[in-house]
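Below is one structure, written out as structure tokens; the observations come after it.
The values are calculated or read from the model by the stated rules, or taken from the named source; none is laboratory data. All of these numbers come straight from a predicted model, not from anything done at the bench. In this analysis, Cβ positions are derived from the backbone assuming ideal geometry, glycine residues included, and neighbour counts consider all displayed protein chains.
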Amino acid sequence: MPTENTLDVIGAGFGRTGTLTMKVALEKLGYPTFHMIEGVMNPSRYAPLWVEVTQGKRPNWDKIFEGFKATVDNPACWWYKDLMKKYPDAKVVLTVRDPEKWYKSCYDTVFTLHKVMNKAIELGSADERALQIADLVNSTVWGPTGCFQGRFEDKEWMIELFKSHIEEVKRVVPADKLLVFEVKEGWEPLCKFLGKPVPDEPFPHVNDTAEMQGRIDEMLNGFPAEIRKQIEEQL
């Protein structure tokens with residue numbers, strides 16, 4: 001009989017708060033960690049499962065997080081309360097950063113990538129995998145059913161959402177189960193919170209902004225010149 005999957009760490013911080021760095025750090029501490037990158041790499045598996053979550057169907061959290069012991073990033077951060085009920089022994093890490101810098105980072109990377117992909121779909125230049133990725137990220141993050149409720153370009157509203165989410169997490173999660181964390185703080189507070197020894201290596205620092213912007217350029221370069229021009233006009 002299969003054993004039930006259990007999450008030990010729930011990341012409640014929005015994407016672009018150092019969540020990819022957190023994934024690397026948690027995995028070095030022995031927690032295989034789910035991040036949106038898993039969904040993007042394997043959309044045929046994860047898109048249908050997450051779309052069901054956004055449709056209000058009963059989530060199959062064990063299936064979504066099969067093989068993982070922690071989760072960070074969008075979209076799971078938005079459902080942190082549900083995950084706390086499902087995995088009551090889990091600890092919660094809330095990654096934070098300056099709200100203005102957070103918004104700019106999102107806009108320059110993942111939101112721009114989202115716009116490129118949506119325009120490619122509109123122009124009929126997206127393959128099946130791209131359509132599955134779009135289903136995943138539109139339903140869980142960018143669209144009306146997602147974390148940002150279709151309002152990401154409303155900067156003032158988004159920054160308020162970012163701040164209010166942080167305050168809600170601080171209010172909802174019991175103090176002994178919550179770590180409010182900036183990745184620049186390094187190993188010490190994270191390891192103390194999780195009861196793990198500090199690794200004998202520097203804390204990871206994944207600066208993926210340049211990589212993400214390179215991915216955008218790579219995607220654009222893959223389109224015919226006329227299609228690329230039409231997409232770039234929308235950015």
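A single member of Thr19, Thr71 is of a type in the set (Ser, Thr, Tyr), within 18 Å of Pro204 (Cα to Cα) and in contact with a Phe, Trp or Tyr (Cβ under 6 Å, 6 or more places away or on another chain), and it is Thr71.
What are the residues in the stretch 187-205 that are in a loop (DSSP other than H, G, I, E, B) and crowded, with 16+ Cβ neighbours inside 10 Å, if any? Matches in the stretch 187-205: Phe203, Pro204.
Among the residues of the stretch 124-131, is there at least one that is of a type in the set (A, V, I, L, M, F, W, C) and in contact (Cβ under 8 Å) with a residue 60 or more places away in the chain? No: the stretch 124-131 contains no residue that is of a type in the set (A, V, I, L, M, F, W, C) and in contact (Cβ under 8 Å) with a residue 60 or more places away in the chain. Out of all the residues in the stretch 150-181, which are assigned to a loop (DSSP other than H, G, I, E, B) and surrounded by 15 or more Cβ atoms within 10 Å (Cβ to Cβ)? Result: Phe152, Val173.
Among the residues making up the stretch 108-149, those that are more than 22 Å from Glu52 (Cβ to Cβ) and part of a loop (DSSP other than H, G, I, E, B) are Leu123, Gly124, Ser125, Ala126, Asp127.
Against the test of being within 26 Å of Asn42 (Cβ to Cβ) and of a type in the set (Asp, Glu), the options Glu160, Glu128 yield a single qualifying residue, Glu128. Test Glu153 against the stated conditions and say whether it is under 19 Å from the mean Cα position of the chain (by Cα), modelled with pLDDT of 90 or more and farther than 30 Å from Phe203 by Cα. Taking the combined requirement at face value, the residue satisfies it.
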